[in-house]
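Scroll down for the structure; my scribbles are underneath it.
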Amino acid sequence: MDRAADPHIASSSRSALVTRGAIAAAALAAGGGLGLFARTTPAAAAPPSAEQDRKIFNFALLLEYLQAAFYTAAVEHGHLAGEVRSFAEVVAGHERAHVAYLRKALGPHARPRPTFDFGDATKTERAFLKAAVLLENTGVLAYNGQAANLTKPALAAAAEIVSVEGRHAAWVSSLAGEPPAPRAADVGVPSGAAVSKLESLGFLRAS
Amino acid sequence: MTEPEPTLASIDVDGALEETAGAVLGITRAELLARSAAASAAGAIGFLGLSRGSADAALAQTANDVAILRFDQALEALQAGLYTEAERLGALKPETLSWARVVGAHERAHLRAIKNLLGSKAIKDPAFDYGKVTADESAFLKTAVAFEDLTAALLKWQAPRLDSREIVAAAVSLHSVETRHAAWIRHLIGLQPAATAFDKPASQRRMAQLIDSTHFTVSRPKTASKKKPRFTG
């Protein structure tokens with residue numbers, strides 16, 4: 001799907017409706033695989049710049065907003081107990097800290113906080129674990145996919161965050177009975193692929 | 001867990017990609033490749049050196065990148081050897097052995113990937129003597145936690161110091177796996193898997209200190225000298 005062809009998505013409206021479209025726009029801004037550069041070699045990807053850092057950090061901020069809201073809702077409504085509860089509490093704190101970091105780094109460029117609808121995913125332990133495994137793994141791959149597009153200082157900062165996301169992914173996978181480290185390499189994915197996954201979860205309010 | 005041990009041949013690029021794209025994101029490899037705009041996926045995939053036909057496509061060109069990757073080669077060799085020996089001896093608790101089996105396979109794959117990135121600039125793997133560590137539960141766990149936490153920190157220190165963007169993409173794909181190893185083993189033994197919201201980097205000097213403190217290394221990697229070892233038996 002070539003989202004770049006959709007003028008609504010390509011526009012940078014500050015609509016309060018944070019919808020699939022806005023998510024896709026974030027992906028577009030982050031230079032995700034949207035067809036424009038589909039056939040180019042890695043070396044032809046846009047070189048790192050402060051402007052590109054901002055776009056990527058805003059994409060990361062979207063992921064962190066989503067994760068922070070997810071864990072916060074799960075702690076409040078998930079009837080979680082034991083280690084699953086303490087996992088959710090600890091990770092909620094981490095994701096809120098990531099949001100705060102990115103917002104501060106972006107300053108006036110920070111995107112507004114969207115609203116999310118997690119449906120039943122934050123209401124039972126089983127649904128929570130399943131969604132959390134997916135969110136954490138997707139987060140890791142999305143960060144890894146942008147690493148080489150960041151300037152050195154931004155890469156250093158992003159590495160401190162993705163490191164913790166990788167730990168969350170392994171921790172929640174252990175709790176869910178899934179392999180904590182399923183691959184020898186977490187090969188990064190384009191932002192568009194990560195966004196498609198997040199859309200398919202239905203957590204983002206449709207336009 | 002009865003998951004079959006991945007062989008080096010099975011941990012190829014196609015496999016990694018299929019797992020990533022399919023298992024996590026529900027898209028096909030072809031789609032992912034077609035949609036890959038950035039240095040990210042294609043760079044890491046093409047140049048982890050695990051793919052067919054890329055063995056001679058050494059990416060490490062600058063002295064800086066070569067130095068960093070050579071350090072990592074020795075470190076991955078140390079870890080691969082440590083976990084592989086523990087698995088072979090089979091003296092640890094079942095869950096620890098299960099961890100060592102999976103993580104050992106990962107570190108062997110990392111070692112191979114790094115050697116491919118280095119191409120002809122790869123060093124000879126150092127030789128190691130792990131003493132009793134690979135058969136002593138407590139000593140092994142302590143050593144494994146220390147190495148996994150510090151390896152993750154080291155890769156964070158190195159990432160912004162690399163010149164090649166393709167190598168950055170490859171290195172970060174190994175970095176997050178090291179953080180998973182660290183969290184996994186910490187969880188196994190009741191330590192907090194993710195103790196802080198941000199993980200700080202640690203320098204090569206710090207890692208060299210840890211390696212020295214173990215006395216595991218019995219031969220230094222030699223790159224220039226072609227001299228035969230003094231004792232050849």
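Label-to-label distance, B:His215 versus A:Ala46, with points set 7 angstrom from Cα along the beta-carbon direction: 5.6 nm. Between the C-alpha center of the range A:70-90 and that of the range A:110-132 there is a gap of 11 Å.
Here the label points at B:Gln204 and B:Leu191, each 7 Å from Cα along the C-beta direction, are separated by 2.5 nm in the simple model.
Counting only protein chain heavy atoms and rolling a 1.4 Å probe, the accessible areas of A:His79, A:His94 rank, largest first, as A:His79, A:His94. Gain on full extension, evaluated as 0.36 nm per residue between A:His79 and A:His109 minus their Cα-Cα distance, stands at 7.1 nm.
Extents of the range B:91-233, taken as max minus min of Cα coordinates on every principal axis and listed largest first, are 48, 42, 25 Å. Label separation (B:Ala63 vs B:Ser138): 4.8 nm, computed from points 7 Å beyond Cα along the C-beta direction. Counting only other chain Cβ atoms within 10 Å of each residue's Cβ, the peptide B:198-205 averages 3. Close amide H contacts of B:Phe128 (hydrogens built in the peptide plane, cut-off under 5 Å, sequence separation of 5 or more or a different chain): B:Val218. Per the Debye formula on identical point scatterers at the alpha carbon atoms of the range A:25-199, with no solvent, log10 I(q)/I(0) at q = 0.11, 0.15 Å⁻¹ is -0.45, -0.83. Summing +1 for each Lys or Arg and -1 for each Asp or Glu among the other residues whose beta-carbon sits under 15 angstrom from that of A:Lys130 gives -1. If you take the Cα atoms of the range A:161-207, find Rg, then find the Kirkwood Rh from the mean of 1/r over all pairs, what is Rg/Rh? Ratio of gyration radius to Kirkwood radius: 1.04. Each residue of the range B:193-208 was assigned a 3J(HN,Hα) from its phi angle through the Karplus curve 6.51 cos²θ - 1.76 cosθ + 1.60 (θ = phi - 60°); the sequence is x, 9, 7, 9, 6, 9, 9, 7, x, 9, 6, 4, 4, 5, 5, 4 Hz, with glycine and proline shown as x. Leaving ligands and nucleic acids aside, the A/B contact buries around 5100 square angstrom of accessible area in total at a 1.4 Å probe radius. Rounded to the nearest whole Hz, the Karplus-based 3J(HN,Hα) values (6.51 cos²θ - 1.76 cosθ + 1.60, θ = phi - 60°) of the range A:65-79 follow the sequence 4, 5, 5, 4, 5, 4, 5, 4, 5, 5, 5, 6, 10, x, 6, with x at glycine and proline.
A simple rule links phi to the HN-Hα coupling: the Karplus curve 6.51 cos²θ - 1.76 cosθ + 1.60 with θ = phi - 60°, which for the range A:155-166 gives 5, 4, 5, 5, 5, 5, 7, 5, 4, 6, 5, x Hz, with x for Gly and Pro.
The values are calculated or read from the model by the stated rules, or taken from the named source; none is laboratory data. Quick caveat: nothing in here was measured; it's all calculated off a predicted structure. Positions of Cβ are generated from backbone atoms using ideal geometry, with glycine treated the same way; all protein chains shown enter the neighbour counts. Quick note on the areas: whole protein, heavy atoms, side chains included, nothing else; ligands and nucleic acids left out. Shrake-Rupley method; radii C 1.70, N 1.55, O 1.52, S 1.80 Å.
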